[in-house]
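Take a look at the structure set out below.
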Amino acid sequence: MSTTSDSFKEKLDNEYSWPALYTFKFIVPETKIKELKILFEGHEIIEKASSKGNYISLTSKVMAPSSDWIIEIYVKASKIDGIISL
C-alpha cells in the first residue's frame, strides 16, 4: 500500500470499529454512473443529477467489514474516468 493509503487506513481504523456503517460519496459523469453503481450492488444508492444533467452525485451507506474493503472500493472507483470522490 502507498503512504496515502496507509494514512487513510489509519484514520479509518481510528474512527471506526469494524464492521461499521460508512458513507461513500462520488460525483461522476452521467455516462459513467452504471460503472460506479456496480460497486454498490445490493446497497442503498441515492442519486442526484446536476442541474444540466451532465453529472450524477451518488451516495451509498454501506456496512463495511474493514478499512481495507473501503480502500478497495476507492481504488476500483478511481479507475472510472472523470470520477470525483468526496
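The values are calculated or read from the model by the stated rules, or taken from the named source; none is laboratory data. Note that this is a predicted model, so its numbers are computed, not measured. Don't worry about glycine lacking a Cβ; one is built from the backbone with ideal geometry, like all the others, and counts go over all protein chains shown. For the accessible areas, the whole protein counts, side chains as well, though only heavy atoms, and no ligand, DNA or RNA atoms are used. Shrake-Rupley method; radii C 1.70, N 1.55, O 1.52, S 1.80 Å.
Here are some notes:
- Tabulated pairs, the range 9-32, first over 14 Å from M63 (Cα atoms) and hydrophobic (A, V, I, L, M, F, W, C), second open to solvent by 50 Å² or more (accessible area, probe 1.4 Å) and part of a helix (DSSP H, G or I), C-beta under 8 angstrom, 6+ apart or interchain: V28/E35
- Set S85, S78, S66, S51: member being open to solvent by 70 Å² or more (accessible area, probe 1.4 Å), of a type in the set (S, T, Y) and either under 18 Å from F8 (Cα atoms) or touching a residue at least 40 places away in the same chain (Cβ under 8 Å) (or both): S78
- Candidate set: the range 3-32, residues that are surrounded by 12 or more Cβ atoms within 10 Å (Cβ to Cβ) and acidic (D, E); chosen: the one nearest to I46 (Cα to Cα): E30
- Considering residues of the range 46-71 that are part of a loop (DSSP other than H, G, I, E, B) and modelled with pLDDT of 95 or more only, the residue farthest from D6 (Cα to Cα): P65
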